[in-house]
Every structure is written in C-alpha cells, then in structure tokens.
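Asks: Sharing a structure, written as structure tokens. Questions coming.
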Amino acid sequence: MVEEHNKLVDAINMVSVAYFSDVFVMLRDELESWYNLLGENNPSRLAFKDALYAIICESDG
C-alpha cells in the first residue's frame, strides 16, 4: 500500500513539474495547432497528452 502511494506521488510530481514548464506549454500549443490543421478529433486533449508524454520521457532520461 505504501509503495503504491509513493508511486502515485512520484507520478503526480512528474506531471506537475512537466505541466508548469515553459517547454510543455510551447510544445502543447504547437501540437494543438498542427492537430487542428490536420483535423484531429479533440486536438486540445491530444496535444496535452502528447506534450505531457514527451516532456516526461525527456526528463526521465
């Protein structure tokens, strides 16, 4: 139970650090523009998800 809690806290910390970074905001905005041009469904959500994934992968090494 404690291990699961710690993993969840770590995940939340990674998301919050990524979310408030300037790089995340720029990447999300750029992706959203591209997804809008491509006619993707729900481009805001897709851009958020993809930018968050990229930032976390980059910071995780």
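Read-outs: derived from the displayed coordinates by stated rules, not from any lab. Source: prediction; values computed, not measured. Using ideal geometry, Cβ is built from the backbone for each residue, glycine included, and neighbour counts are taken over all protein chains shown.
Asks: Is one or more of the residues making up the range 41-55 among the β-branched types (V, I, T) and loosely packed, with under 15 Cβ neighbours inside 10 Å?
Replies: no
Asks: Given the criteria without any contact (Cβ under 8 Å) to a residue 40 or more places away in the chain, in a helix (DSSP H, G or I) and at negative phi, does E40 qualify?
Replies: Spelling it out, it is not the case that E40 is without any contact (Cβ under 8 Å) to a residue 40 or more places away in the chain, in a helix (DSSP H, G or I) and at negative phi.
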